[in-house]
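Following: one structure in structure tokens, then a few remarks.
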Amino acid sequence: FNFLIRLIPYCTEKYNYLELGNYETGKSFFFKDLSKRFSTLISANKLSIPKLIYDNSINENGLIVTKNVIAMDEFVNTNFTDKDIIPVLKTYLEDGEVSRDGHTIKGIASIVLLGNITDIEQDLFNSKCLFDQLKMDIDNPTFFDKLYHFSPGWKLSTIDKYDVLCDDSEERLTL
């Protein structure tokens, strides 16, 4: 089931979701190797507004325009140095566009937030909020309302590789 959920962002523009799970369930591997031409896996703590939207210094569109899928790895453990990134992400998740320097940039990219979590069963048993494990400071709880899906990746067993799928999947998905 989660395997099919991971394919949706490649088929639908601006399909945004969060997947939290155990280590070695293939979250990062899937988005890194499935299609390098149409998607990118980026460490969430390396994300910047110019990289995401538009880089004025080189007059180049950001990832929301140039990629179909942006997978942000280790989203759970990220402390963004640029405090404007969460409001910008929230605006993009809600509207599919963002304003930067007087220009409105319309994106096509789906945003996939990935994170490793531990002791999830214990946290749920103690009635803690699932999102308490997120290290970042998200002032606005409606951030999560902008996501279409939450994937409980801890329910997946570990995998070795998606090698068979990834060999020619890029061409199959774009036909």
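The values are calculated or read from the model by the stated rules, or taken from the named source; none is laboratory data. Model, not experiment: these values are computed from the prediction. Cβ sites come from the backbone with ideal geometry, for glycine too, and all protein chains shown count toward neighbours. These accessible areas exclude ligands, DNA and RNA; they are computed on the full protein's heavy atoms, side chains included. Shrake-Rupley method; radii C 1.70, N 1.55, O 1.52, S 1.80 Å.
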Would you point out the residue of the range 13-39, among those that are polar (S, T, N, Q) and assigned to a loop (DSSP other than H, G, I, E, B), that is nearest to N77 (Cα to Cα)? N22
I need every pair where a residue in the range 142-155 that is part of a helix (DSSP H, G or I) and at pLDDT 80 or above has its Cβ under 6 Å from the Cβ of a residue that is open to solvent by less than 50 Å² (accessible area, probe 1.4 Å) and not basic (K, R), sequence separation at least 6 or different chains. K146/L93
Name every residue in the range 17-32 that is open to solvent by less than 40 Å² (accessible area, probe 1.4 Å) and within 17 Å of K67 (Cα to Cα), in order of residue number. Y17, S28, F30, F31
Looking across the range 60-108 at residues that are basic (K, R) and surrounded by fewer than 18 Cβ atoms within 10 Å (Cβ to Cβ), the single one that is nearest to I8 (Cα to Cα) is K106
Filter result for the condition that a residue is modelled with pLDDT of 65 or more and acidic (D, E), over E121, E94: E94
Can you find even one residue in the range 36-57 that is closer than 16 Å to K146 by Cα and open to solvent by 40 Å² or more (accessible area, probe 1.4 Å)? no
Subset of the range 40-98 that is in a helix (DSSP H, G or I) and of a type in the set (D, E) - its residue that is farthest from N22 (Cα to Cα): D95
